Structures are given as C-alpha cells and as structure tokens.
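Shown next, in structure tokens, is the structure this report addresses.
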Amino acid sequence: MDLNAIAKKWQSAWEEAGIFHATEGKKKKYYVLEMYPYPSASFLHMGHVRNYTIGDVYARCKRMQGHNVLYPMGYDSFGLPAETAAKKEGIHPLDYTEKAIKKIIAYQKALGNSYDWERMLASHDPEYYQWNQYFFIKLFEKGLAYRKKAPVNWCPNCESVLANEEAEGGKCWRCETDVVKKDLEQWFFKITDYAERLLADLEKIEWPEKIKTMQKNWIGKSHGTEILFEINKEQWPIFTTRPDTIYGVTFMVISAHHPRLMELTTAEHKKDMEAFVKKCQKVKTQEEIESLDKDGVFTGSYAINPVNGEKVPVWAGNFVLADYGSGMVMAVPAHDQRDFEFAKKYKIPIKEVIMPVFGEAHKNEEFRKTISAVVHRKKDNTFLMIQWKEFGWISPVIGGIDQGEDAGKAAEREVLEETGYKTQFIKKLGGETEQHFFADNKKVWRMRLDQAVLLELTDDKPVTLDKEEAKKHEVIWMSAEEALKKITHEYNAFGLLQYLGKERAYTEEGTLINSGEFNGTKSTDAIAEITKYLAQKKLGKKVIQYKIKDWLISRQRYWGTPIPMIHCQKCGVVPSAIPVLLPKNVDLKAKNPLKEHKEFVNVACPKCKGPAQRETDTMGGFMDSSWYFLRYCDNKNKKEPFSKAKVKYWMPVDQYIGGAEHAVMHLIYARFFVKALHDMKLIDFDEPFAKLFNQGIVYKDGAKMSKSKGNVVYQTDISDTYGIDTARFFLMSVATPDKVIEWRDDGVEGSYRFLSRVYALSDKKLIAKIDTLTQSKMHRTIKGVTETIDTFEYNKTTIAITEFVNYLQTLEELPKEAFTTLLLLIAPFTPHLAEELWEKAGQKTFISLASWPSFDEKKIDAKAEFIEETITNLTLDMRKVLEFAKIEQPKTIKIIISASWKYDFYRLLKKEIEKTRDMKLILQAVMAKQEFKQYGEDIAKLLPLILKDNTKLPSVILSQKEELQNLQKVSERIKGIFKADIRIEAAEKSTEAKAKNASPSKPAIVVT
RNA sequence: GCGGGGAUGGCAGAGCGGUCAAAUGCGGCAGGCUUAGGACCUGUUCCCUUAGUGGGUACGUGGGUUCAAAUCCUACUCCCCGCACCA
C-alpha cells in the first residue's frame, strides 16, 4: 500500500475532472468555509493540517449527502508580516507574497482537500482590493466612515508611526527610542452605531456560547446614569452605574488623555500636569498596565455635586479611560475600589453612604440604637462581628480560618480588642481540624461562607461539629443567608457597618446613609430613584453605554489597500476614483513609503481639479476579511464586488470554521460589515455566518507549534512516511476537533496500521449477499458516523468506523455492500485511499461524488448482534473449559444457559465439571444493552429485594421464550464450531441458589 | 478581579444516574508467526485471590440527594482560555 502514490494519483484525477468546482444550481446549497489564512512561505505544520482537514471532512460529507457544496480557499495576503519579511529578505512585498501564495497552494493541494480552486482569491490582488475601496466610499457616503484624531504609536526619533508589534515593550524596534502616543487623524468605521444590533442578533446565530459571551463582553453594554457636574460654571457630564453613591462623591477624576484636560488645569498646577500627562503618554506593556499604581495630579478646579452642592476637587488620573463614558468619573472612595486606592494615596476624605445590612430588621429604629455589627475586612480574612443587645459581641468567622488558624486567630482578636471587647478564646471545637472560636457567652457563631453553626454552649466543654453531635448540643445548621436572616429577625440584631480597617471599599449593595432625603433607601432602589430625581432637575438622565469602540481602519503602512480619499485644500476630503492602485515602485526603506511617492500623493482634486493630496493611510487587514466570503460567491466579477443573485444563492455561510482567537476582532467586524451592506440593500441577510466551529490548537512539548520555538512537526514529516491520509485520519481520531491536543508521534503508527487493515480488506472475496448481522452492524455504523460527523465529534466517528472494520475483518468473505459502505463512510477522512479501494471494488465513478449511505433503524438487529456476541463469549469460555478438561474433541456438548446470577451459574458449572469430564461447554449469556433498557423497570422493582440480600445485580435478564429461541440459533453455531452433538436440557434451580435464597424470583434457568 | 471551559486508568481520550473496573487508540507484558527483529495475529494490562466464580480500592478533594453516583447538587483545590483600571 503506497499511500503517497495513491494520493498523487487521485489528486490529479480530481483536478483533471474538476469535480470540486461548484456552480449555482437548483440543488440545496451548503457553504463550508475555513477562515482564510495568511500566506506564509513555510511548510504547513500539523496544526494547519488539522484545521484544514476538519473543514474538508465536513465539506466532503455534505457534498456526498447531496448538497451543492461551496468550499473555497483564498489568502489574506495584505498586512505587516509580508512587509517585515520582505524588508528582512530584501524583496518587494508583492513578490514575497506571490511566491508565498504559490507555495502554500502547493502544500494545501497535497492535503487533498476538496477546495474549489477556481474560486481562489487573494486580498492583495487589485481585482479584490479595489472593492475594498468601493465599499469604503459607500461607507463614507453613508456617514459610517469618518476621520478623527486618535493616538498611535509614534517614534519621535524615526518620526514614524509604528505598528503595535513594532513598539513592543514601549521601545522602537529600530532605534530603541521610547515610543510615545501621538494623536493623528485616523479613519474609523462607526461600528458603535451597530452595537445594539450586534448584541441582539447574537441570538440568531448558532455559535459556541463562549464566542458569543466574548462578543457580549466586548460590546459591553451597561445601563447607567449620566450626571452633570458643574465645574468652572460649566456643566460636565459623567457616566456612572452607581448613582446611588452620589452623596459619597469626594472628588472627581478626569482622564490624563482627556482632550479638554488643560481647560480644567489652573495655572499653578500646569507644570505638574504637563509632566503627568507626558508620563501617561508612554506606551505601556500589558504587564505594566496591569500592575500600574493609581496616579494623579490635582487640576486646581472644583466640581459641584448636583445633589448636595458640595464642592469637590477635580483630579487628573491615569486609571480613567478617555474614550469610555465621558472620560471623567465621579469618585466615591467608600464604595469603589479604584477610587478608594486613589483617595488613600492622596489623603482625600472617604465618605460612606452605603451601609451593608441583612434582612429587613434595619428598618426598626430601636435596633439601630442598641445593636450593631462591625465588619473588619482585611485582604484575605473577613470577619463579621455582631453585637446584639442581650449577648454582647459575638464573633462569627467568615472564611479563612481553616487555612491559617494563627492569622485568623490573631486578626480576630485584634478586631475584638479594637472594639474594646474582652475576648475569651474557647478552645478548639470539632474533630480533626482545629477550629477557633471566640465568645464570652453561651453562644458562639461559626460561619464559613455557606454555612453557619450556632452553638449553644451549656458548659465550657468543647463541642464537636459533626451533625450527630451537633444535635445533642442544640447546634443549628443553616446557610449563611439563613443565619443572617436569623440574626436580623429572630435575634433582632442589626448591622451597622463601619470599616475599622479601612482597607478596601464596600462595593456591595446595602442601605443608604448620609444621603439626605434618600437615607434608608435600599441601594438597588436608590439607583432608579436618584436618577429620576436628577432627571427632574435636568441634571442627569438614564443612558446606555457600550464598551465597544469605533473600528480604527487606518494603518500607516505600505502593504494594504490604499484608502481612496483625496485631501483638497478647497473641497476638503473627497472620495477618489477607483481603483486606487498601490504603486509598486516605492522606496521601501522610507519611513512611510506611500507618503514619499510623489506621483501617488499629488493628484488633482476630483471636484475642483485643483492640486490635492491623496490619503496615504492604507486599510487594516480586517477590511479584507470582512467580506471575502461574499467574493468567493462570484470571484471573477469585474464589474461589481459580487452579483447579488449569486450571493443570494450561496450566502450566508452555513458552516464557518476557524480559531477562537478571532472571536472578537474579525468576527465582529465581519458581522458589522454585513449589517452595513444589508442596510445599503446590497445583500438581503444580516448575519454572515450561521454556524461557527472553533477548532483547537495543536501543541507540542507543551507549547503551540511555532517555528521560533522549534517544536514544529511539518505536514511532510508525516506524509512522507505514512501518507497524508494517515495524518488526516490520525488528527481526526485523537480528540474532538475543538480540543487542544498534544502532538505525539507514536499515535500516527496506530492510524497507519488501521488504514493498512482497511486496505487488506480489499483483498477479501466480495460477495453479493449480505447477512443480517453484517447488515445490522453496517446500519449501526452508518448511523453513528452520520450523526457524529454532523456534530464534529470526529473522534467518535473514527471509533465507529474502526469497530466496523474490526468486525469485517473476522469475515471470510466480504459482502460487497458492507465494504462499499465502509469506503463511503471513511471517504471524508481518507479520501485518496477511499477512491483507490472504490475503484478496486469495481466502481466507475468518484467516491467523492457518490451518495452518502442512509441508514435504516429497523435494520439494526439487536437480537442478531446479541446472539453473535453470546456466541463469541461462549466460544471463548468453552475453549477455556476444554483446555482445562484437557479434551480435544468433545462428543457431546451440554449447553447451560444462565439467565441469572453468575454465582449460580458457576456453581452449576463446577458441579458439571466434577460430575463428568465429558462436559464441554460453558455458556455465559451476556445481557445486551437494549435488553437492559427494556427490562429496566422490572429490575428497579426487584432491586430493593435484591439489595436486602446483599446480592449482586443479575447479569442476565431475558424472557424465557426469547431466550430459548436465541438458544436454538446459538446451539447451531456452536455445533459447527466444535463439531459435536448438542443436547439442550432444561436446567434445575441450583441447590446452592436455593440454599442461599438468592432471589425470590426465578434466579436461574439452565437449559441442557 | 470578571467571564468561559476543565480535572476519568501508565498516557491521550470517551462516558454524563443503573448493562462501569469504565469505549477506542497509544504504551507495557505474555504467546503465535519468523533465523532474528519489524510488521501482523492472539491474549493480557487497578490491587488481592482463583482453572472459573469472589473480594477490595478507584473517575481532583470534602459534604449532600438517591435503593443506586464517574455521571445530579454543593463547597473547596488546582489547571486552561478569553477580557481586563469600562466608572
């Protein structure tokens, strides 16, 4: 079996016959799409092989199931990697890219995927990117493309914009200069206009929940209130989700990147502020941002709190985002952790306005005066102290104490002493774990997150905490929630919380205090009430905020689609005629090659014909990938991006396949783009991808395969030795395709051996007739394969196929139908081998175009399979007995069927063996799965009785009648196997069974 | 910190209330075939005991629900993957 020769043979046969070319037709379409790759010039590794195979299996299966399948491939060929690689190797990006595409096509063809190569596209091709420009202008005309200032990475030394990759660590990749953020005019798409629809329409699509959640978080809808604060006689809006804390505002913070920051900065603070802003402008690495300390400078201005007229200082801070909300926040240090940290650092007052309370007891005035609780919060231990009037301080412990008794004990004591309370340590309670409790009373609370124990100590002896013991000591077990309710209701306790430690903010809900007329309101209610109050005074309103930002499309790079705009002094920004071709003869060493290219830049204004300049920014690559799936539908169209009719036929993509790393960027942009085109009436659907599948990554030595790490296994490493079909089959059989897998060389051999066994089957004699058993197994396999392919559970598919092959292997002669069915089922996985054997079996057509076999549930004959299984087991057992009895050729065979406990069966057997060495047969009837389901109810009824006797479950449940019938068939076969006479006798109930009274129902049926 | 997904035999990976000492593959062991090795075939592979029945311990840890739990609930621990100073 030369799998490489076979692969070559069929790959050229397919290509010659052009069988994977899809044309629009009447058949039901199915669009399978893999995310188009960046054309790298290096070999494909096993990760690529896996990704592409996942799609190909699906596409092939759908094609065989009678769909008109569109399965194209193309290349995301614009972008920084080509530019960098080209610079490194001194070749032009165009030449580099085209060479790379040629290479990758060759590698991909060697995979044997059923791509329609005629629909290939590459985004750097003017035939493609001119339509980017077309759409750009469309979006511009719709007001969805606009220009505004935005920060870019800027190297002051090179005077050049840097890509994020070039500014890693905040240093320029060329000169190591510190990179700064600089505001430049940039192009944006107004994706924010679509935020709500992008969120709502997630309901419409079948995507992994994980991706949907990521998109939801990315869009980040939040309901809140916009509140106007007066600063220097001017109203400044801020956004908050916690208007209930407005009385606790002790300062304001404006973002260091806020465009109007300087307006608020008074002369005396100007110098400090400028230094601060400069400091904030430095590009930070991710780690730096994470560990960044709150930092700020006072502006010198004051804001007036609209609800109480309080004057609070306005600070500039590094932790406030300029482009979320209004770039300024009201700071409530008592109830927001960030504000808290800032306030601590700059010694700004902290004013508490939310009081944590539990239950409703706080509404009772009397308890307010007499009962209080203290929460002491430290970084890791939280203690709740409750004082109630009859008992004094009680210290329940919430969490933490088991891990570090000493720390817990010390901290707790500290709290108690701080409150002026004399503590008494009650020694450990409980069994193995040391647990500490404090109390001076006859009641002790112990609390751990979800449970609380109230111990009523009748004397000073420690009590254990297990339930039985607890009962004796009147210990009450309850959930924390219940316990708190009990405190507030039954014991009339009430928590007035203060933060003794002042180490962190209280961000939970509670009741308002120090909040004027809103005192006593629940904080959750206060959100609405205060918003309403502000709205009435025209000082605030309810608003919805999204985290999603407009899509920055501009790149200050050469290798991308030129933005088709012209800047004219007179007419402003004017769309250019298209296509605007990317000039090839540029100085690639220049800081910005397009800007230096005079003929490109200097043009006449399309409106006034006066001198004007072309936009030199290019579009980011996500523009290309936002509509390439539409272009596949009509990739040769020279007049328009696509014909509406063709797109209408093929779109939306039925099954999209790609990595989860695109969860937010590409997958949101494409959805936005399609919605925008839909609104322009260019297409009639508004979601591009009906179903999405995320494949898992292939790891090796604990890391993702990558050239730089040197842990790459290339396509050819495996295919040279074992053939590409082996690689495909192996990769699909290791795990479900969405799982991360670790590459291991040894498994491949197993797959190769398996394919060899499939190949060996083709040497068996094919017969026309098919027996019921084979037929049953066949239909079972078809069913399993069909269902598991559909849900991408390919590893189960391969198992179903393997089991079928194992069975077929046992047959002397192969029913042709079974064999061809096997080939059809395996064809999506190992298409070349399948074609070869298909041909060998005398078929004239391509298996790739053959019809998928259908299954008939009725043909799955559980009984036949049951009998077969019985015989197999029986034969094995018999052989063992024969060996044991040292008898070669038995004269008679006595069959004993146990329909009952193994115990009884083997007693009988033993007896038989002792009685006569002529006994030649053991039969152990094995209960099939179906039978169990069928008789499950009866078993359930019997169970309590059986269990009373401590007896094992019956191993066989069969009706007597059915059993006898099956037995006849079994005996025939056994007779053949052992070439002996067979006698079947009714068996008597074993004496042992009787003696043990193993079961009240018929325990054993012995037929001899 | 927030959100999502996990933890199963030497390894990978199914199972998701009774047929479970747990599919399948890899690896290990023994036997057959071979001059030998490889390939292939057969058996075996948690522990104790057996010719066979039998018993014990097991699906991250602790509790719970159930006649019955790898499977359901609950808490904890650890791992992975996203997002992250979003007010």
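The values are calculated or read from the model by the stated rules, or taken from the named source; none is laboratory data. Note that this is a predicted model, so its numbers are computed, not measured. Virtual Cβ from ideal backbone geometry, glycine too; neighbours counted across all protein chains shown. Calculation scope for accessible area: heavy atoms of the full protein, side chains included, ligands and nucleic acids excluded. Shrake-Rupley method; radii C 1.70, N 1.55, O 1.52, S 1.80 Å.
Close Cβ contacts (under 6 Å, 6 or more residues apart or on different chains) running from residues in the range A:324-350 that are modelled with pLDDT of 90 or more and small (Gly, Ala, Ser) to residues that are away from RNA strand B (no atom under 12 Å from the Cβ) and part of a strand (DSSP E or B) comprise A:331/A:251.
Find the residue count for the range A:586-639, including only residues that are of a type in the set (D, E, K, R) and more than 28 Å from residue A:550 (Cα to Cα). Adding up the residues that qualify gives 11.
Scoring residue A:706 on the criteria (1) under 21 Å from residue A:34 (Cβ atoms); (2) in contact (Cβ under 8 Å) with a residue 40 or more places away in the chain leaves a single failure, condition (2). Consider the range A:709-736 and keep the residues that are closer than 20 Å to residue A:791 by Cβ and at pLDDT 85 or above. The one that is most open to solvent (accessible area, probe 1.4 Å) is A:733.
Just one of the listed residues (A:277, A:253, A:249) is at pLDDT 90 or above, open to solvent by less than 60 Å² (accessible area, probe 1.4 Å), in contact with a helix residue (DSSP H, G or I) (Cβ under 8 Å, 6 or more places away or on another chain) and not aromatic (Phe, Trp, Tyr), namely A:253. From the residues in the range A:324-346 that are within 8 Å of RNA strand B (Cβ to nearest atom) and of a type in the set (D, E, K, R), which one is most open to solvent (accessible area, probe 1.4 Å)? Filtering first and then ranking leaves A:338. Considered as a group, the residues in the range A:202-257 that are in a strand (DSSP E or B) and polar (S, T, N, Q) include one that is farthest from RNA strand B (Cβ to nearest atom), and that residue is A:235.
What about residue A:634, is it under 28 Å from residue A:672 (Cβ atoms) and in contact with a helix residue (DSSP H, G or I) (Cβ under 7 Å, 6 or more places away or on another chain)? Here the answer is yes, as residue A:634 does meet what is asked. Taking residues in the range A:806-828 that are touching a residue at least 60 places away in the same chain (Cβ under 8 Å), and partners anywhere that are part of a helix (DSSP H, G or I) and among the charged types (D, E, K, R), the pairs with Cβ atoms closer than 6 Å and at least 6 places apart or on different chains are A:828/A:60.
In the range A:174-193, the residues that are under 30 Å from residue A:140 (Cβ atoms) reach residues that are among the aromatic types (Phe, Trp, Tyr) and modelled with pLDDT of 85 or more with C-beta atoms within less than 6 angstrom, at least six apart or across chains, in these pairs: A:188/A:146; A:189/A:551; A:191/A:551; A:191/A:672.
Within the range A:789-802, residues that are touching a residue at least 12 places away in the same chain (Cβ under 8 Å) sit with their Cβ atoms under 7 Å from residues that are within 6 Å of RNA strand B (Cβ to nearest atom), at 6+ positions apart or across chains, in these pairs: A:792/A:736; A:793/A:736; A:794/A:736; A:795/A:734; A:795/A:735; A:795/A:736. A single member of A:113, A:153, A:132 is touching a Ser or Thr at 6+ places or on another chain (Cβ under 7 Å) and surrounded by 20 or more Cβ atoms within 10 Å (Cβ to Cβ), and it is A:132.
Any residue at all in the range A:32-42 that's open to solvent by 30 Å² or more (accessible area, probe 1.4 Å), in a helix (DSSP H, G or I) and touching a residue at least 24 places away in the same chain (Cβ under 8 Å)? No: the range A:32-42 contains no residue that is open to solvent by 30 Å² or more (accessible area, probe 1.4 Å), in a helix (DSSP H, G or I) and touching a residue at least 24 places away in the same chain (Cβ under 8 Å). Could you list, in sequence order, all residues of the range A:572-588 that are open to solvent by 40 Å² or more (accessible area, probe 1.4 Å), hydrophobic (A, V, I, L, M, F, W, C) and under 30 Å from residue A:90 (Cβ atoms)? Residues satisfying the conditions are A:581, A:588. Kindly indicate whether any position in the range A:50-60 is among the hydrophobic types (A, V, I, L, M, F, W, C), part of a loop (DSSP other than H, G, I, E, B) and under 32 Å from the mean Cα position of the chain (by Cα). No, the conditions are met nowhere in the range A:50-60. Only one of the listed residues (A:736, A:716) is within 20 Å of the chain's Cα centre (by Cα), among the β-branched types (Val, Ile, Thr) and under 27 Å from residue A:831 (Cβ atoms). That residue is A:736. Considering A:79, A:74, A:55, the condition of being open to solvent by 10 Å² or more (accessible area, probe 1.4 Å) and closer than 29 Å to residue A:667 by Cα is satisfied by A:79 alone. In the range A:748-855, counting only helices (runs of 4 or more DSSP H) that sit wholly within it, none holds 3 or more residues that are within 16 Å of RNA strand B (Cβ to nearest atom) and touching a strand residue (DSSP E or B) at 6+ places or on another chain (Cβ under 9 Å). Selection of the range A:598-611 for residues being under 21 Å from residue A:139 (Cβ atoms) and open to solvent by 80 Å² or more (accessible area, probe 1.4 Å) yields only A:607. Is there a residue in the range A:589-597 that is more than 30 Å from residue A:85 (Cβ to Cβ), open to solvent by 60 Å² or more (accessible area, probe 1.4 Å) and either touching a residue at least 24 places away in the same chain (Cβ under 8 Å) or among the polar types (S, T, N, Q) (or both)? Checking the range A:589-597: not a single residue is more than 30 Å from residue A:85 (Cβ to Cβ), open to solvent by 60 Å² or more (accessible area, probe 1.4 Å) and either touching a residue at least 24 places away in the same chain (Cβ under 8 Å) or among the polar types (S, T, N, Q) (or both).
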